[in-house]
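The values are calculated or read from the model by the stated rules, or taken from the named source; none is laboratory data. Worth saying up front: this structure is predicted, and the values here are computed from it rather than measured. No Cβ is skipped: glycine too gets one built from the backbone with ideal geometry, and neighbour counts run over all protein chains shown. The area values use the complete protein model at the heavy-atom level, side chains included, leaving out ligands, DNA and RNA. Shrake-Rupley method; radii C 1.70, N 1.55, O 1.52, S 1.80 Å.
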Amino acid sequence: VGVYFFSQAISTEEAVEEADYVLQLIEGGDLQMPVVYDWECLAEDYRTVGVDSRTLTDCTKAFCDRIRQAGYEPMVYFNPSQSRTQLYLAELVDYKFWLAMYSDYMTYEYKVDMWQYTNQGTVPGITGNVDLNLWFPES
């Protein structure tokens, strides 16, 4: 059991508010997997349009630090393009990484803890396509 949060924060203050909201929802829960921070700008009318790399990286750190302070393991979700052009990834290496890269082979140049390798998977009992992932637990 883990938690995934789709962020729309445009400041570190909002990122901390989002983390506090998540912490309220999971209070007392028994998580075996991380609390994941996913920040995306999917359309031109999203409020996140124009957020620069410095702000995005700082928001990511603020959310993840707050989650860690509460005793949970944070994780950052991103795709290769986002990791190269929108995040200062070197500043986020203290957190687990979840990569969305739809491919038959892992060709990403950095270590990740989870790999979302398709968004066209099938699962019995679920209608339509689903994301499929591989988890690489630490030995």
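Points to keep in mind about this one:
- Overall form of the range 1-55 per C-alpha gyration tensor (a/c, 1.5; a/b vs b/c): prolate
- MRE, 222 nm, helices only [DSSP H, n ≥ 4, -39500 (n - 2.57), over the chain, to nearest 500]: -8500 deg cm²/dmol
- Accessible surface, per residue, of the chain when the full set of protein chains is kept, probe 1.4 Å, Å²: 58
- Using distinct alpha-carbon pairs, which all enter the 1/r mean, Kirkwood radius of the chain in Å: 15.8
- Beta bridges per DSSP with both ends in the range 19-136, % antiparallel, nearest 5: 30
- DSSP-assigned coil residues among chymotrypsin sites (Phe, Trp or Tyr not before Pro) in the range 48-108, each with at most 10 further Cβ atoms within 10 Å: 105
- Of the GluC sites (Glu not before Pro) in the range 47-139, those whose Cβ has at most 16 other Cβ within 10 Å and which sit in DSSP loop: 109, 138
- Fraction of accessible area attributable to carbon and sulfur, the chain (%, probe 1.4 Å): 50
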